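Notes follow the structure.
Any read-out appearing in this document is the output of simple, stated calculations on the displayed coordinates, not a laboratory observation. This structure is a prediction, so every number in the text was calculated from the model and none was measured. Cβ placement follows ideal geometry from the backbone for every residue including glycine, while neighbour counts extend to all protein chains displayed.
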Amino acid sequence: MNDEGGSSALALVEETAGPVKYEEPRELTIEEVEAQVAKIEALMQRVLKRDQHYGVIPGTGEKPTLLQPGAEKINLMFRIGPGKPEVEEVPLGGGHMDVKVTLPMLHLTTGKVLGYGFGSCSTMESKYRYRSASRKCPTCGKETIIKGKAEYGGGWLCFAKKGGCGAKFAEDDSAITGQVVGKIENPDIADVYNTVRKMAYKRAYVGGTIKVTAASDFFTQDLEDMHDNGGPEEERKAEPAPAPAKAKPAAKAADAELVAREKKAIESLRTNSPLAPQLVVDKAREAAQAASDDRKAAKITDEEYVKKLEAIAKAVSDEAQF
């Protein structure tokens, strides 16, 4: 090979051996935007499954809430991955803390930062700050105390069918009546530190996915993110009010009270669903959806709908494991 040929070959090697150069960001054409939207629609129809990758929560609008598994599928399709997160932990006193995560979302092929996801979580959130305390048996120490039936002498009973020891106690036994029950401050708040860290990261990941893929037309934030990054709280404000049931519409004077009760029940579901067994949550979701459908079809009144929602929320709350 002559010198000229050798020089050309060497120049080619030197030119291609360096870092790959990529084009600067450019505007997308209408056709490219349409193609991206079509890809997300196709993914929803052919791959993503309801209640696994996304969910529709009654009372929070018709737009699905994106779950982490669904965000992972979207990122897989567009070749996007998370970068190194920036984490800030802020002490709040009393053992509480707030965790804030800034997560860069990277294009895996080029390594370019496409945008950022922001997520936060705090031990002051009710599902972490509080726990549900039940009466404990002074004999066996289990939370299996129930009120005894009058026909069997009344008093208190450590219910054997719930794993109790069967011990009985008088109606006015201070060892039972003196116990604090219901919603109490979590005495072991440090036990949820790692959960709060993971939740903050998860919120940043899902929020970042929606942002960089422009998927907010299709999804809101996931179920645990009801108060973060413009989740369903804001979506609901923008929605038109549902038509009142024709059968027995609630009186105007009671509308405000019904709305407040509905919001309280929905908030209870949001708080307790992550803590309850999946089977209980699935049944609750089906029951809530059925009640919502009945109200839309004017089969039940607003009052009846809210009562059903309250009963569903109570059932989930009773099964929540703190």
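General observations
- Extension gain, LYS63-LYS183: 0.36 nm per intervening residue step, less the Cα-Cα distance, totals 40.0 nm.
- FRET efficiency for SER132 and HIS107, using Cβ-Cβ distance with R0 set to 51 Å, rounded to 0.05: 0.70
- Computed packing ranks the peptides 183-190, 294-301 as 294-301, 183-190, most packed first, by mean other Cβ atoms within 10 Å.
- Burial ordering of MET77, MET97, fewest other beta-carbon atoms within 10 Å first: MET77, MET97
- Among 78-86, 123-131, the order from most to least packed when residues are scored by Cβ within 10 Å on average: 123-131, 78-86
- Candidate lysines for bridging to LYS202, where Cα separation is under 18 Å - those fewer than 8 sequence places away on the same chain excluded: LYS73, LYS84, LYS100, LYS127, LYS211
- Extension gain, GLN52 to GLU32: 0.36 nm times the residue separation minus the Cα-Cα distance gives 4.3 nm.
- Simple label model, 7 Å out from Cα along Cβ direction - LYS307 to ARG79, nm: 5.9
- Average Cα contact separation per residue, the range 105-214, under 8 Å, 6 or more apart, as relative contact order %: 36
- Using the Cβ-Cβ distance between GLU267 and GLU86 with R0 = 25 Å, the FRET efficiency computed as 1/(1 + (r/R0)^6) comes to roughly 0.25.
- In summary, the lysines within cross-link reach of LYS161, defined as a Cα separation below 27 angstrom excluding same-chain residues under 8 places away, comprise LYS136, LYS142, LYS147, LYS149, LYS183, LYS283, LYS314.
- Put simply, when 172-181, 133-142 are sorted by average Cβ atoms within 10 angstrom per residue, most first, you get 133-142, 172-181.
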